[in-house]
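The values are calculated or read from the model by the stated rules, or taken from the named source; none is laboratory data. Note that the structure is a prediction, hence the values are computed from the model and not measured. Cβ sites come from the backbone with ideal geometry, for glycine too, and all protein chains shown count toward neighbours.
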Amino acid sequence: MRRPTGLIIGTLLGLGLVAGACSTSSDDASTAASPGPTSTAAAATAGGKISAERCAKNKEAGTITFLTSFDYAAAASIIDVVSAADQGYYSALCLDVKLQPGFSSSNVALVSAGTAQMTSLGSFSEVAVANSQGAGLVAVGVEGHTSIEELLVEKAANITDLKQLEGKSMGIKGAIPYSLRALLAAKGVDEKKITQIEVDFNPVVLFQTDIVALPVYKSNEPGQLDAQGYAGKYTAFDPRNDNIPASFAVFTTSKSFAQKHPTAVADFLRATLKGFQYAADKPDAAVSATLKRSDPKLYFNPAGEAFRWKTELDLVRSSTPKGSAVGSIDAAALQAEVDSLVKLGVIGKGSVDVPASINSSFMNEITKNGELIWIG
């Protein structure tokens, strides 16, 4: 799907060098900043405009570079940002937001170093692993409260129990996603007994090579396979069915930026979630906008991106806790996600302070009774 998996960061040493070597190409900009944990009433005037005081605070944040998690895929936490930029929601809040295509696995270092100010990551697990290595990140909004990944197994392999994967081959793109590693562990599978083979992004490798299993994104590869005539020829194992704690589309910034510019962080989320509403109401227009920005080398297409957004929109809506607004943080669920990483041995026990790695105050400020508070 949208976010390549793999190591979040090899090391946080020398972040300045990593950041300096990164491309600074950008795609689009708006003109605005965001409000932070102050009073909600201060966000707007009776005339439906942001207050002069808050506008000034947002402008103090300067240009806010947002790194996408997988180029300009029509994915949650990308399509809504594109929509917010195109519809002028950031500029309405005095924010100067620059969109820059990126990849989740490399965004951590850039945001930690302050080269970029905001990003979305593939899961809270990425935040946790990075912070266990000293990244100093904080999750400020979570759109998906379930796994975006699932494991496809070729039906011809006659595998009905994941334990049967031991001794067989699995295709990977960097590494097995954390939610699927947790699923395998829950089923008693010894990862070391699975041969992991690096494969490309074409999911037909599941049927054209010796691998029998393939980690995929629910919003991408199944749609591709079905379109190519492989519907019914694979079985999907979904971590959600086994209550594996997971998340996706996690808006993230550095702790230092959140502390210095709280209004900008809050209003960035406010405008972005307004963009989410736009993309939900006008999916065709929103998908078209992402396609216009996307890299031709990634072969995004209208049908595939429409499938991606519909799938992710459904996942976000169905996984958002009842009575909560889209983007709200479920601290208990994120703690459970980190606890599963500890059990897997991905991070050491006590190496991540979950309460210090999340900040719910921004979402609490911009929502009320499960609804987004806009300026008008």
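Among the residues of segment 195-250, the ones that are part of a strand (DSSP E or B) and over 18 Å from Ser125 (Cβ atoms) come to 10 in all.
Listed residues Ile329, Ile347, Ile366; which is modelled with pLDDT under 95 and surrounded by 15 or more Cβ atoms within 10 Å (Cβ to Cβ)? Just a single option satisfies the conditions, and that option is Ile347. Scanning segment 296-326 for residues that are modelled with pLDDT under 95 and assigned to a helix (DSSP H, G or I) gives Pro296, Lys297, Leu298. Scanning segment 202-213 turns up one or more residues that are more than 28 Å from Lys343 (Cβ to Cβ), assigned by TED's automatic domain parsing to the domain that holds Leu162, within 25 Å of the chain's Cα centre (by Cα) and free of Cβ contacts under 8 Å to residues at least 24 places away in the same chain.
Just the residues that are part of a loop (DSSP other than H, G, I, E, B) and either of a type in the set (Val, Ile, Thr) or surrounded by 16 or more Cβ atoms within 10 Å (Cβ to Cβ) (or both), please, taken from segment 141-181. Once the filter is applied, which keeps residues that are part of a loop (DSSP other than H, G, I, E, B) and either of a type in the set (Val, Ile, Thr) or surrounded by 16 or more Cβ atoms within 10 Å (Cβ to Cβ) (or both), segment 141-181 yields His145, Thr146, Ser147, Ile148, Ile159, Thr160, Lys168, Lys173, Ala175, Ile176, Pro177. Looking across segment 261-302, the residues that are of a type in the set (S, T, N, Q) and touching a residue at least 40 places away in the same chain (Cβ under 8 Å) come down to Thr263, Thr272, Gln277, Thr290, Ser294. Only a single item in (1) in the same structural domain as Ala213 (by TED's automatic domain parsing); (2) over 25 Å from Asp190 (Cβ atoms); (3) not β-branched (Val, Ile, Thr) is not met by Ser169, and it is number (2).
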